[in-house]
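Contents: one structure, followed by commentary.
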């Protein structure tokens, strides 16, 4: 079977197994990407979650020595939460970004890629195939762009004409020389809405992201969150969708093609206070199947404390005091002390003054002092 015919059969089969878009690209070097990655590294803009070896990110033959082609796939995910629970004064809620709704997308995409591999192997038993999703060596976006899935938007997301940027990406490197598809023309034009709307200025310019300032990255860090970002976090527990929600290409785009991607409203917008004292086991049982759980409960709990401060939730004062008294983790104790300062009442001031005398951790003492200072100004 020739590569043209096989390509048509793969496209046809991909529709049967719930792949919303598929494209084929050559496995040649990603020279332009290399220059961009080197610039990102020099500027200190990388997140640190990426494959550290830039050569592997830009040269598919370092991953699969006989690589000739890369198959790129995209699956559309929902952008609207049906029956979203309302946040109330007694029960404030946080929010997980859309990419953490439903089952972990890594699992969903790997399932589709695995089926695709099996199909190709039946046709070409000797074929070399290597699939990856997000955590692989290659840049999913660079592959998708070359394969004509969409263009690389100013918000650093792949924007497809059909589904906007609400797509998950995955790819498969192979030694089969498929005829490549043509890239799509950039459609952002003069629009700069995502750059203007970015809460922290992480989008330095269209197409260039300083990951160190990106809320999506910051929500996944485990240490103290720098104070300049706390007020920007709002009630976000994991991720940030601002640069997607303001994008005109995403207007009215909401697809519910895949049952496993359907969000549980109580997990997508959970109550904040119950998160504060959740055990590891409870967290794993409740959130373990969503992508936003990959860093464990600590960042989520820290973000929940910041969200309570954002809401100035007076009902959370006893919960925060309990954390400062009993939680063994300095980041949680310190963030709770800062949040008390934001929410503020007489009881909080007295408690912080007393607890600061007993605190041993210097960073926690500093956060307590910030809280006391805020409360003394009331």
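Some notes on this structure:
- Here the Gaussian network model covers the chain, with springs between Cα atoms less than 10 Å apart; of 293, 211, 231, 231 fluctuates the most.
- For the chain, the 222 nm mean residue ellipticity estimated from helices alone, with every DSSP H stretch of n ≥ 4 adding -39500 (n - 2.57) and the total spread over all residues, rounds to -12500 deg cm²/dmol.
- Matching label, Cα Rg over 2.2 N^0.38 Å computed from the structure shown, candidates (i) 1.10; (ii) 1.05; (iii) 0.98: (i)
- Full extension of the segment from residue 12 to residue 134, taken as 0.36 nm per residue of separation minus the current Cα-Cα distance, would add 41.5 nm.
- Calculated FRET value between residue 54 and residue 279, using beta carbons and R₀ = 45 Å, to 0.05: 0.65
- Centre separation in Å (Cα based) which lies between the stretch 58-97 and the stretch 362-377: 38
- Euclidean distance between Cα centres, the stretch 198-233 to the stretch 242-279, Å: 19
- Scattering curve values for the stretch 194-376, log₁₀ I(q)/I(0), Debye with Cα scatterers, q = 0.12, 0.13, 0.15 Å⁻¹: -0.62, -0.72, -0.92
- Treating r as the C-beta distance of residue 376 and residue 191 and R0 as 35 Å, the FRET efficiency rounds to 0.15.
- Between the stretch 311-326 and the stretch 102-129, the alpha-carbon centres lie 48 Å apart.
- Among 68, 230, sorting on how many other beta-carbon atoms sit within 10 Å of each Cβ, with the fewest leading, yields 68, 230.
- Highest-fluctuation residue, 139, 28, 72 considered, GNM on the chain with Cα pairs under 10 Å: 28
- The slack between residue 245 and residue 122, meaning 0.36 nm per residue of separation minus the straight C-alpha distance, is 40.1 nm.
- Ranking of 361, 59 by neighbouring Cβ atoms within 10 Å, starting from the fewest: 361, 59.
- Residue order for 61, 205, fewest other beta carbons within 10 angstrom first, comes to 205, 61.
- Shape of the stretch 166-230, Cα gyration tensor, a/c cut at 1.5: oblate
- Global form of the stretch 32-91, assessed from the alpha-carbon gyration tensor, a/c cut-off 1.5: oblate
- GNM flexibility winner over the chain from 244, 41, 220 (Cα, springs under 10 Å): 41
- Residue 262 paired with residue 346, simple spin-label distance in nm, labels 7 Å along Cα-to-beta-carbon: 5.2
- Fully extended contour minus Cα-Cα distance, from residue 82 to residue 228, at 0.36 nm per residue: 49.2 nm
- Shape call, the stretch 187-261: gyration tensor on alpha carbons, a/c limit 1.5: oblate
- Relative to the longest principal axis of the Cα atoms of the chain, the long axis of helix 362-376 lies at roughly 60 degrees.
We did not get these values from a lab; they are worked out from the coordinates using the rules stated. This structure is a prediction, so every number in the text was calculated from the model and none was measured. As a convention, Cβ positions derive from the backbone with ideal geometry for all residues, glycine included, and neighbour counts pool all protein chains shown.
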